[in-house]
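Q: Got a structure for you, questions after.
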């Protein structure tokens, strides 16, 4: 398996103006694969992308746009044909300059501050990116109401699935908690529809902002001088608060509670770089209120049919309730 992957990398590299002495398999999964290349001109990162070239060009061109604006991202190396993407046997590859550094940690206050400010700067650098007409655009702008409704409807349907599992702890916990979170989803949807969400979406249609969609510890690197954002494969047009909501969730879940002091620090750090209006801040609160984590935790056993821990669902339920109690005071 590994020998085959190394041979693939060696064939792809023929399309580049480098002759690495060592090709090392750094990370691999079903499709996404990363190789580390040692060349006399420096270190490189060859990446096999999960998407076809039309979708890859959306993220690669976005990265080039942001680099031109001074964003801290890995440099992309074009192939000998002047293209940022190389196609080999139906798969897409991109070559980057290799960056050395350390992974930042949410539990360290200094690291968390760097991560939050880095996210704000990422959003600012992405503003105004426009993909070409031939590129497959990834956008979630304007889709929140439909997404909220779809997730709420799933929570309702999964009650029937849970009744079939009512003899086990997982099914019982879901049935005990579901109505509360269905009601919470309805409340978030009602608040969203009455908010300035549509107006903000319309504003961003004129000057779009990208969301990373998977920003966090594993997709950033501290070089000692600056924070570099990695893995832009899944970027999409959306409100910047979506990324911030996900980051806040990751931090609070790691701390196993909803900490008001941490919440206020994160918001202050972010807004020091990219301030929100009062209404935009309210939209962040609404997205935080929606029971995303309860839905996502229940999705594995009740939608995907995967094994899941009843204790995990109970812990997430408790965390969601603590979060909702805090946010309802602000909304």
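Q: What number of residues in the stretch 13-25 are under 14 Å from residue 77 (Cβ atoms), touching a helix residue (DSSP H, G or I) at 6+ places or on another chain (Cβ under 9 Å) and surrounded by 15 or more Cβ atoms within 10 Å (Cβ to Cβ)?
A: 1
Q: Then there is this: Among (1) in a loop (DSSP other than H, G, I, E, B); (2) at pLDDT 95 or above, where does residue 225 come up short?
A: That leaves (2) as the condition not met.
Q: Give the residue that is farthest from residue 80 (Cα to Cα), with candidates limited to residues of the stretch 1-12 that are surrounded by 16 or more Cβ atoms within 10 Å (Cβ to Cβ) and touching a residue at least 60 places away in the same chain (Cβ under 8 Å).
A: Of all residues in the stretch 1-12, those surrounded by 16 or more Cβ atoms within 10 Å (Cβ to Cβ) come to 8-9, 12.
If we keep only those that are touching a residue at least 60 places away in the same chain (Cβ under 8 Å) too, we end up with 8, 12.
Values: 8: 18, 12: 11 Å.
Filtering the stretch 1-12 for residues that are surrounded by 16 or more Cβ atoms within 10 Å (Cβ to Cβ) and touching a residue at least 60 places away in the same chain (Cβ under 8 Å), the one farthest from residue 80 (Cα to Cα) comes out as 8.
Q: Report the residue count in the stretch 201-216 for those that are at pLDDT below 95 and part of a helix (DSSP H, G or I).
A: 2
Q: Any residue in the stretch 185-206 that's free of Cβ contacts under 8 Å to residues at least 24 places away in the same chain: show its pairings with residues that are crowded, with 16+ Cβ neighbours inside 10 Å and not in a helix (DSSP H, G or I) at Cβ separation under 9 Å, as long as the two are six or more apart or on different chains.
A: That search, which allows pairs on different chains as well, returns 202/142.
Q: Moving on to the next point. Would you confirm, using the coordinates I've provided, whether residue 143 is loosely packed, with under 15 Cβ neighbours inside 10 Å, more than 26 Å from residue 250 (Cβ to Cβ) and outside the structural domain of residue 74 (by TED's automatic domain parsing)? Walk me through how you get there before you give the answer.
A: Details: loosely packed, with under 15 Cβ neighbours inside 10 Å: yes; more than 26 Å from residue 250 (Cβ to Cβ): no; outside the structural domain of residue 74 (by TED's automatic domain parsing): yes.
When the stated conditions are applied, residue 143 does not pass them.
Q: Let me ask something else. Residue under question is residue 246, and the condition is that it be part of a loop (DSSP other than H, G, I, E, B), under 30 Å from residue 72 (Cα atoms), within 22 Å of the chain's Cα centre (by Cα) and touching a residue at least 12 places away in the same chain (Cβ under 8 Å); does it hold?
A: Numbers: part of a loop (DSSP other than H, G, I, E, B): no; under 30 Å from residue 72 (Cα atoms): yes; within 22 Å of the chain's Cα centre (by Cα): yes; touching a residue at least 12 places away in the same chain (Cβ under 8 Å): yes.
It is false that residue 246 is part of a loop (DSSP other than H, G, I, E, B), under 30 Å from residue 72 (Cα atoms), within 22 Å of the chain's Cα centre (by Cα) and touching a residue at least 12 places away in the same chain (Cβ under 8 Å).
Q: Working only within the stretch 122-140, note down all residues that are in contact with a strand residue (DSSP E or B) (Cβ under 9 Å, 6 or more places away or on another chain), modelled with pLDDT of 95 or more and surrounded by fewer than 17 Cβ atoms within 10 Å (Cβ to Cβ).
A: Of everything in the stretch 122-140, those that are in contact with a strand residue (DSSP E or B) (Cβ under 9 Å, 6 or more places away or on another chain), modelled with pLDDT of 95 or more and surrounded by fewer than 17 Cβ atoms within 10 Å (Cβ to Cβ) turn out to be 127, 139, 140.
Q: What's the number of the only condition in (1) farther than 18 Å from residue 320 by Cα; (2) at pLDDT 95 or above; (3) in contact with a helix residue (DSSP H, G or I) (Cβ under 9 Å, 6 or more places away or on another chain) that residue 169 fails to meet?
A: So residue 169 meets the others, but not (2).
Q: Restricting the stretch 70-87 to residues that are within 21 Å of the chain's Cα centre (by Cα) and assigned to a loop (DSSP other than H, G, I, E, B), which is surrounded by the fewest Cβ atoms within 10 Å (Cβ to Cβ)?
A: At the first step, the residues of the stretch 70-87 found to be within 21 Å of the chain's Cα centre (by Cα) are 71-76.
Those still in the list that are assigned to a loop (DSSP other than H, G, I, E, B) too: 71-75.
On the way: 71: 18, 72: 19, 73: 19, 74: 22, 75: 13.
Looking at the filtered set, the residue picked out is 75.
Q: Among the numbered criteria (1) over 22 Å from residue 115 (Cβ atoms); (2) touching a strand residue (DSSP E or B) at 6+ places or on another chain (Cβ under 9 Å); (3) free of Cβ contacts under 8 Å to residues at least 24 places away in the same chain, which single criterion is violated by residue 67?
A: (1)
Q: Starting from residues that are touching a helix residue (DSSP H, G or I) at 6+ places or on another chain (Cβ under 7 Å) and part of a helix (DSSP H, G or I), keep the ones in the stretch 188-200 and report whichever is farthest from residue 316 (Cα to Cα). Steps first, please.
A: Step one: of the stretch 188-200, the residues touching a helix residue (DSSP H, G or I) at 6+ places or on another chain (Cβ under 7 Å) are 188-189, 191-193, 195-197, 200.
After this cut, where a residue has to be part of a helix (DSSP H, G or I) as well, the list is 188-189, 191-193, 197, 200.
Working: 188: 18, 189: 21, 191: 23, 192: 23, 193: 26, 197: 27, 200: 31 Å.
Among residues in the stretch 188-200 that are touching a helix residue (DSSP H, G or I) at 6+ places or on another chain (Cβ under 7 Å) and part of a helix (DSSP H, G or I), the one farthest from residue 316 (Cα to Cα) is 200.
The values are calculated or read from the model by the stated rules, or taken from the named source; none is laboratory data. Worth saying up front: this structure is predicted, and the values here are computed from it rather than measured. Reconstructed Cβ throughout: ideal geometry from the backbone, glycine too, with neighbour counts over all protein chains shown.
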